[in-house]
Amino acid sequence: MKSLGSIRKSFAPWNDPAATPYIRFENVTKKFGDFVAVNDLSLDIYEREFFALLGASGCGKTTLLRMLAGFEEPSAGQIFLDGQNLSGIPPYRRPVNMMFQSYALFPHMTVEANIGFGLKQDRMPRDQIAARVAEMLKLVKLEQFAKRKPHQLSGGQRQRVALARSLAKRPKVLLLDEPLGALDKKLREETQFELTDLQQELGLTFLVVTHDQEEAMTMADRIAILDKGKVMQVATPAETYEAPVSRFVAEFVGSVNLFDGSVSAREGSVASIAYGDGLTIAADNAGDAAVGDQVAFAIRPEKVRVASRKPEAGADNVMSGEVWDIAYLGDMTIYHVKLDDGRVIKSAMLNSSRLVDDPLTWDDRAWITFAPDAGVVLTR
Amino acid sequence: MNNGLSRFNLVSLVAGFAFLYLPILLLVVYSFNESRLVTVWSGFSTKWYVELFSNQGLIDAAWVTFRVALISASVATVLGTMAAITLTRHLRFRGRVLFTGMVFAPLVMPEVITGLSLLLLFVAVGLDRGFLTVTLAHITFSMCFVAVVVQSRLLTLDRSLEEAAMDLGATPVRTFFQVTLPVILPAVISGWMLAFTLSLDDLVIASFTSGPGATTLPMKIYSQVRLGVTPEINAVCTILIAVVTTGVIAASLLNKQREIQRARDEQAARQEGG
């Protein structure tokens with residue numbers, strides 16, 4: 001596998017064997033009656049990391065977050081924070097704060113009182129509370145809204161108040177439950193970048209739960225992909241996308257073309273994968289796949305090129321078919337090409353010039369090609 | 001939908017309201033009757049109201065009723081709120097179903113039975129019947145009404161509000177007093193008002209559990225009516241109606257105003273965007 005370590009090389013404590021994890025889930029299981037929400041899960045998160053738990057609803061990501069906050073106790077296993085075992089510690093004594101999906105702003109208190117609530121619980125002197133609240137209001141640019149009640153704010157402003165409130169106590173870890181779920185698309189995109197900037201600036205550890213992969217990819221240093229209470233893969237956004245470890249991850253993150261087959265030959269890092277009726281794919285990065293193994297070859301649509309002319313002889317991985325469907329998205333066009341053996345392959349072509357000189361249209365004969373190292377061989 | 005009133009709608013409206021309010025209206029009108037005979041109109045007068053305020057018996061009874069209602073409503077509100085919180089917040093404790101049933105049983109229990117059983121209890125423990133026993137009885141039966149009102153509010157309360165408070169370092173007790181209680185306060189006040197009114201109205205349970213020196217107003221009225229309805233009684237009832245009506249109208253106006261204000265604020269916040 002090609003190294004993807006060049007991405008954010010400056011910060012990668014997970015690759016440093018000497019680094020100690022800041023948050024550690026150790027064989028954690030959580031059952032609700034017969035339902036197993038989290039299943040014997042272990043996970044290490046490092047200090048100052050922006051970590052995302054990504055998964056469909058019911059995968060256990062929120063339960064994991066709630067166990068760290070102290071609202072649920074694990075049925076088995078332990079959770080450590082900065083070396084301290086958290087079991088039995090009630091939520092009000094844990095050095096973590098949470099930003100709730102519903103924001104959970106106290107409706108009977110002003111913005112100021114909401115932000116100062118946690119500080120008041122710590123019996124911080126009044127003038128210090130006022131100073132910290134002012135600082136937080138400035139941080140989220142809501143200075144002029146200090147005296148308002150939550151219902152007098154727009155959705156985006158409420159989200160900022162919730163953020164300021166959860167940051168006011170300077171927690172060791174900030175937990176964010178679907179932090180952008182209630183915002184509209186445009187606001188969400190802006191806020192994503194604001195959150196990452198804030199995290200860098202404050203140097204805090206952020207643990208965010210989301211079902212939105214784009215959100216996770218944009219913000220997180222690393223992503224854990226969860227399914228049925230288990231971790232499927234923990235990796236940087238680029239690794240999850242470019243080097244998924246299993247079919248599940250490949251299909252869950254982004255769009256993918258999958259060819260099921262078996263390894264018919266192996267030559268260095270290149271494997272020949274036989275699929276369908278006597279057809280083969282040359283695949284680099286074959287890992288430890290041995291001859292005879294059942295594998296899947298996964299390739300992302302944007303790494304598949306589609307053309308109306310037959311490529312020159314000698315090119316790798318050429319397949320022919322006809323254009324089945326076209327989705328023009330402005331920045332790119334998605335072609336669905338129905339191959340001669342019946343399978344449909346997706347190809348995303350960047351519209352880098354305004355006028356396409358070689359337009360493909362419905363029912364045209366088309367050839368698709370991809371490089372041997374453009375895809376991944378999945379053994380799971 | 002047609003917003004105008006059809007003839008059928010109009011008739012049913014008039015008939016319905018007449019059914020509800022004609023007896024009360026009659027009572028109010030006759031309280032201003034000059035004549036001592038309740039059913040014969042002989043001119044307008046407020047003399048029965050004047051006479052009323054010199055009737056020490058009625059005034060004493062009113063004072064007893066007021067104190068009983070005040071104390072029993074307050075205690076019932078505390079107990080009922082506690083019951084409601086236990087029922088909605090601690091969903092997994094053993095015997096919850098049984099407990100729920102037991103709290104709400106007095107809602108459907110015939111008053112005669114509640115009254116009689118309370119009487120038997122007071123006799124059994126040797127408690128002399130009087131002010132204390134009426135108050136205790138009223139607490140018992142109005143508590144479940146408070147529990148119902150508060151519980152319905154708690155069920156719609158966003159659980160994460162309390163979690164947020166605890167997450168920010170508030171102990172469960174502080175969470176309750178700083179977050180839960182202020183948010184459910186309107187429901188608690190409604191519960192208190194309901195309990196107060198129920199206590200004010202009650203005749204049956206009071207008759208069983210009251211003793212000498214603790215005659216409530218409904219008991220007094222009832223006993224006087226048995227000797228014949230006097231315009232004085234009509235006057236008392238008119239005052240009672242006036243008090244209750246004013247309370248209800250004031251409460252609903254306040255509520256309405258708050259809702260309008262809230263809607264306006266939210267509208268403004270949306271328009272500002274941000």
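A:Glu143 fulfils the conditions (1) over 21 Å from A:Arg48 (Cα atoms); (2) modelled with pLDDT of 90 or more; (3) within 12 Å of chain B (Cβ to nearest Cβ) except for a single criterion, (3). Residues in segment A:80-113 that are buried (at least 17 other Cβ atoms within 10 Å of the Cβ), among the polar types (S, T, N, Q) and more than 9 Å from chain B (Cβ to nearest Cβ): A:Thr110 alone.
Scanning segment B:43-95 for residues that are closer than 18 Å to B:Ser199 by Cβ and basic (Lys, Arg) returns a single hit, B:Arg67.
Starting from residues that are closer than 26 Å to A:Ser269 by Cβ and among the charged types (D, E, K, R), keep the ones in segment A:347-380 and report whichever is surrounded by the fewest Cβ atoms within 10 Å (Cβ to Cβ). Among those residues, the one meeting the criterion is A:Arg380.
Taking into account only those residues within segment B:42-61 that are among the hydrophobic types (A, V, I, L, M, F, W, C) and either in contact with a Leu (Cβ under 7 Å, 6 or more places away or on another chain) or touching a residue at least 12 places away in the same chain (Cβ under 8 Å) (or both), which is surrounded by the fewest Cβ atoms within 10 Å (Cβ to Cβ)? Don't jump to the end; show me each part of the working.
Within segment B:42-61, the first condition is being among the hydrophobic types (A, V, I, L, M, F, W, C), and the residues that meet it are B:44, B:48, B:50, B:52-53, B:58-59, B:61.
Pick out the ones that are also either in contact with a Leu (Cβ under 7 Å, 6 or more places away or on another chain) or touching a residue at least 12 places away in the same chain (Cβ under 8 Å) (or both) and you get B:44, B:48, B:52, B:58, B:61.
Numbers: B:Phe44: 9, B:Trp48: 22, B:Leu52: 21, B:Leu58: 21, B:Ala61: 22.
Among those residues, the one meeting the criterion is B:Phe44.
Somewhere in segment A:29-38, is a residue among the polar types (S, T, N, Q), in contact with an Asp or Glu (Cβ under 9 Å, 6 or more places away or on another chain) and in a strand (DSSP E or B)? Yes, segment A:29-38 contains at least one residue that is among the polar types (S, T, N, Q), in contact with an Asp or Glu (Cβ under 9 Å, 6 or more places away or on another chain) and in a strand (DSSP E or B).
Report, by residue number, each residue of segment A:288-331 that is among the small types (Gly, Ala, Ser) and closer than 17 Å to A:Ile345 by Cα. Walk me through it before giving the result.
Going residue by residue through segment A:288-331, those that are among the small types (Gly, Ala, Ser) are A:289-290, A:292, A:296, A:298, A:307-308, A:313-315, A:320-321, A:327, A:330.
Within segment A:288-331, A:Ala296, A:Ala298, A:Ala307, A:Ser308, A:Ser320, A:Gly321, A:Ala327 meet the criteria.
Annotation note: of B:Ser152, B:Ser142, the sole residue that is buried (at least 17 other Cβ atoms within 10 Å of the Cβ) and either under 30 Å from B:Thr215 (Cβ atoms) or of a type outside the set (Asp, Glu) (or both) is B:Ser142.
Scanning segment A:178-203 for residues that are aliphatic (A, V, I, L, M) and surrounded by fewer than 20 Cβ atoms within 10 Å (Cβ to Cβ) gives A:Ala182, A:Leu183, A:Leu187, A:Leu198, A:Leu202.
The combined condition, being touching a Leu at 6+ places or on another chain (Cβ under 7 Å) and within 13 Å of chain A (Cβ to nearest Cβ), is fulfilled by B:Val179. One residue alone among A:Phe71, A:Phe51, A:Phe106 is of a type in the set (Phe, Trp, Tyr), assigned to a loop (DSSP other than H, G, I, E, B) and under 17 Å from A:Leu176 (Cβ atoms), and that residue is A:Phe71. Scanning segment A:138-164 for residues that are touching a residue at least 24 places away in the same chain (Cβ under 8 Å) and more than 29 Å from B:Ile260 (Cβ to Cβ), we see that the one that is surrounded by the fewest Cβ atoms within 10 Å (Cβ to Cβ) is A:Leu139. Would you mind finding the one in A:Ala56, A:Ala76, A:Ala18 that is touching a helix residue (DSSP H, G or I) at 6+ places or on another chain (Cβ under 9 Å) and either away from every other protein chain (no Cβ under 14 Å) or aliphatic (A, V, I, L, M) (or both)? It is A:Ala56.
For residues that are more than 8 Å from chain A (Cβ to nearest Cβ) and free of Cβ contacts under 8 Å to residues at least 24 places away in the same chain, scanning just segment B:140-171, find the one that is nearest to B:Leu118 (Cα to Cα). Talk me through it step by step, then tell me what you get.
From segment B:140-171, those more than 8 Å from chain A (Cβ to nearest Cβ) are B:140-157, B:159, B:162; that's our starting set.
When the remaining residues are screened for being free of Cβ contacts under 8 Å to residues at least 24 places away in the same chain, the result is B:156, B:159, B:162.
Working: B:Thr156: 35, B:Arg159: 38, B:Glu162: 38 Å.
The extreme case among them is B:Thr156.
Only one of these conditions is not met by A:Leu153: (1) under 30 Å from A:Val38 (Cβ atoms); (2) at the interface with chain B (Cβ under 10 Å from one of its Cβ atoms). Which number is it? So the condition that A:Leu153 fails would be (1). Just to be sure, is A:Arg300 out of contact with any helix residue (DSSP H, G or I) (no Cβ under 7 Å at 6 or more places or on another chain) and within 25 Å of A:Ser246 (Cα to Cα)? When the stated conditions are applied, A:Arg300 passes them.
Yes/no matrix, rows are residues, columns are (1) within 14 Å of chain A (Cβ to nearest Cβ); (2) in contact with a helix residue (DSSP H, G or I) (Cβ under 8 Å, 6 or more places away or on another chain); (3) surrounded by 12 or more Cβ atoms within 10 Å (Cβ to Cβ); (4) farther than 30 Å from B:Val123 by Cα:
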position	(1), (2), (3), (4)
B:Pro218	no, yes, yes, no
B:Ser223	no, no, yes, no
B:Pro231	no, yes, yes, yes
B:Gly247	no, yes, yes, yes
B:Lys256	no, no, no, yes
B:Ala263	yes, no, no, yes
B:Ala269	yes, yes, yes, yes
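For segment B:30-89, the tally of residues that are farther than 21 Å from B:Asp201 by Cα and part of a loop (DSSP other than H, G, I, E, B) stands at 14. Only a single criterion out of (1) within 34 Å of the chain's Cα centre (by Cα); (2) farther than 30 Å from A:Glu239 by Cβ; (3) touching a residue at least 60 places away in the same chain (Cβ under 8 Å) is not satisfied by A:Ile345, namely (2).
Quickly run through segment A:114-130 and pick out the residues that are within 10 Å of another protein chain (Cβ to nearest Cβ), in a helix (DSSP H, G or I) and free of Cβ contacts under 8 Å to residues at least 24 places away in the same chain. The one that is within 10 Å of another protein chain (Cβ to nearest Cβ), in a helix (DSSP H, G or I) and free of Cβ contacts under 8 Å to residues at least 24 places away in the same chain: A:Lys120.
The values are calculated or read from the model by the stated rules, or taken from the named source; none is laboratory data. The structure presented is a predicted model; accordingly, all values stated were derived computationally and were not measured. All Cβ positions, even for glycine, are placed from backbone atoms using ideal geometry, and neighbour counts span all protein chains on display.
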